[in-house]
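Trainee: This is the structure I want to talk about, given as structure tokens.
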Amino acid sequence: SEAGVPRWVEGPALGAWGGKLYLVGGGSQGIPYQASAQVDVYDIATHTWTPSGGTAMPQASDYAGVVQIGQYLYVVGGMSYIYEEVYLVQRYDMATDSWLTADYESSFVFPALTATGQYLYAMGGDPPGDELWTSSDLVERLALDEWLSGDWEDIHVPLPKATIGASSYCTDALAGGEIW
């Protein structure tokens, strides 16, 4: 609250590395509604924001699945405009301020995203081509050591209850080999 956020935003990704916070993408205010590719950087030591202080995302996105693994922030799916899905996994290296991308054929909006030592897991969310905000019970994974291939696999163990919006409203935890 000291410095305030440098722009109006909803559904962004947030990562932390090297004493800085990285506010990535998110939706802009106004009509027509659209996502931003902007990366704003907050320096924790000086309590200051640098708007557009990081390299912009390759594809604007909001309401994507987000998880941080070390210096990497993974932004999966989401939408670029209202009901226009993003078919990418975008990985931001906060240490080098650089991006890499891979395909994300499923292109869910609002998926929950978490990681284990071996995989990224995308769970639930709104399927592409759906303007009704429909929940899904899909659980799929992508091997971290092969993430650039974009080869997600359905693990055929659906969620007990279909869900939407978990990425934006819930937190994930890995304990004893279980994702909660």
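Trainee: If you place +1 on the Cβ of every Lys and Arg, -1 on the Cβ of every Asp and Glu, and leave all else neutral, what size is the dipole of the chain about its Cα centre, to the nearest 20 Debye? Intermediate values should be presented prior to the final figure.
Mentor: Values: 5 positive and 23 negative charges, 107 e Å.
Approximately 520 debye in magnitude.
Trainee: Would you please calculate the Kirkwood hydrodynamic radius of the stretch 49-88 over all C-alpha pairs and express it in Å, rounded to one decimal?
Mentor: Evaluated over the stretch 49-88, this radius sits at 11.3 Å.
Trainee: Related question: Report the rotationally averaged projected area of the chain based on its alpha-carbon convex hull, in square nanometres.
Mentor: One quarter of the hull surface, i.e. the mean projection, equals 10.4 nm².
The numbers here are math on the coordinates, done by the rules we state, and not lab data. Bear in mind the structure is a predicted one, so any value in this text is a computation, not a measurement. A quick note on method: Cβ atoms are made from the backbone with ideal geometry, for glycine too, and the neighbour counts reach across all protein chains shown.
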